[in-house]
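Values in this text are rule-based calculations from the coordinates and carry no lab data. Nothing here was measured: the structure is a model prediction, and the numbers come from that model. Neighbour counts run over all protein chains shown; Cβ positions are idealised from the backbone, glycine included.
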Amino acid sequence: METEAILSYKGRRLVRCKDDFFYGNVLEPKIAFLHIDSRSEDNFKMPNKVSVGLVDTLAASHGSIFKPFKFSVKDSFFKALDLAAAWLERQSVSNLKK
């Protein structure tokens, strides 16, 4: 049986399902959701429009519709992922202060 590599970025897990990505830890209050909206038309089909939102993990676990309380659109996947990492880092720091 082959095992798949676990993707992570800046110490947080990154899970992919087609054009949707979940970034973060489900045990924390917030998780980032990334969606590739469009890709370039060249041979590489690189994402050129990526939506990123920060959603509540409690609502997501109950099957609620994702209603991000922070949302942005970036022109590359890595810019969107860096933004999500910054949001989650700020969120974890603010939780430690409480």
Q: Could you list the trypsin sites (Lys or Arg not before Pro) in segment 13-45 that lie in coil according to DSSP, counting only those with at most 12 other Cβ atoms within 10 Å of their Cβ?
A: Lys18, Lys45
Q.
So if each residue of separation counts as 0.36 nm, and I subtract the Cα-Cα distance between Ser8 and Asp82, what length gain in nm does that give?
A. 25.4 nm
Q. What size of dipole, in debye to the nearest 20, comes out for the chain about its Cα centre when the only charges are +1 on Lys and Arg C-beta atoms and -1 on Asp and Glu C-beta atoms?
A. 440
Q | Exposed-site-free run, longest, the chain (rule: chymotrypsin sites (Phe, Trp or Tyr not before Pro); DSSP loop; at most 15 other C-beta within 10 Å) | A | 1-43
Q. Hey, which aspartates and glutamates would be in cross-link range of Lys74, C-alpha to C-alpha under 14 Å, not counting anything within fewer than 8 residues on its own chain?
A. Asp37, Asp82
Q. So what's the angle, to the nearest 10 degrees on a 0 to 90 scale, between helix 77-97 and the longest Cα principal axis of the chain?
A. 0
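Give me the Kirkwood hydrodynamic radius of segment 8-91 in Å, from all C-alpha pairs, to one decimal place?
13.0
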Q.
Nearest 500 deg cm²/dmol is fine: what mean residue ellipticity at 222 nm does the chain get from its DSSP H runs of n ≥ 4 alone, each adding -39,500 (n - 2.57), divided by its residue count?
A. -8500 deg cm²/dmol
